[in-house]
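K.L.:
Quick one: this structure, given as structure tokens, is what I'll be asking you about.
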Amino acid sequence: MNKAELIEAVGKAVCSKKEAVAAVEAVLNAIKATLKKGGNVTLVGFGTFKVAKRKARTGRNPRTGASIKILAKNVPIFKAGSALKSAVK
């Protein structure tokens, strides 16, 4: 499912397509803003969005084989909740 399909599903369930676009955008923007501040977003039964710090490390350029330095950075992580895990089984 992509973003357009999600918007269509929300529109069928609740409202018009224009309102569905606004609702999906609002949810995604709220998640992004919270993660940018370093917070967590927990949707009970679905999962948790977090920010993790990835350490600096040494990698290898696959084309040349030369060692390169990969800088430390923050990355978003999603951990599925128990209800989501059991629904996928």
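Each value in this text was obtained by applying a stated rule to the coordinates, not by laboratory testing. Since this is a predicted model, take the numbers as computed values, not measurements. As a convention, Cβ positions derive from the backbone with ideal geometry for all residues, glycine included, and neighbour counts pool all protein chains shown.
K.L.:
Give, in whole angstrom and from largest to smallest, the semi-axes √(5λ) of the equivalent ellipsoid of the chain, with λ running over the eigenvalues of the Cα gyration tensor. Provide the component values of the computation, followed by the final result.
P.N.:
Details: eigenvalues 231, 56, 47 Å².
Those come to 34, 17, 15 Å.
K.L.:
Using 26 Å as the Cα-Cα cut-off, could you pick out the over-long pairs in K3/K89; K3/K79; K32/K53; K37/K89; K53/K79; K18/K79?
P.N.:
K37/K89; K18/K79
K.L.:
For the chain, with only Lys/Arg (+1) and Asp/Glu (-1) charged at the beta-carbon, what is the dipole magnitude about the Cα centre, in debye rounded to 20?
P.N.:
Numbers: 19 positive and 4 negative charges, 156 e Å.
So the magnitude is around 740 debye.
K.L.:
Where in region 29-44 is the amide nitrogen less than 18 Å from a point lying 7 Å along the Cα-to-Cβ axis of A87?
P.N.:
The answer is 41-44, whose backbone nitrogens lie closer than 18 Å to the label point.
K.L.:
Now a separate question. Mind checking the angle between helix 17-36 and the chain's longest principal axis? C-alpha axes, 0 to 90 degrees, to the nearest 10.
P.N.:
That helix lies at roughly 40 degrees to the long axis.
K.L.:
Using just the Cα positions, wrap region 39-89 in a convex hull and report its mean projected area in square nanometres, one decimal place. Walk me through the numbers before you get to the answer.
P.N.:
Working: hull surface 21.4 nm².
So the mean shadow area of the Cα hull is 5.3 nm².
K.L.:
Give the angle, between 0 and 90 degrees and rounded to the nearest 10, that separates the Cα long axis of helix 3-13 from the longest principal axis of the Cα atoms of the chain.
P.N.:
That helix lies at roughly 20 degrees to the long axis.
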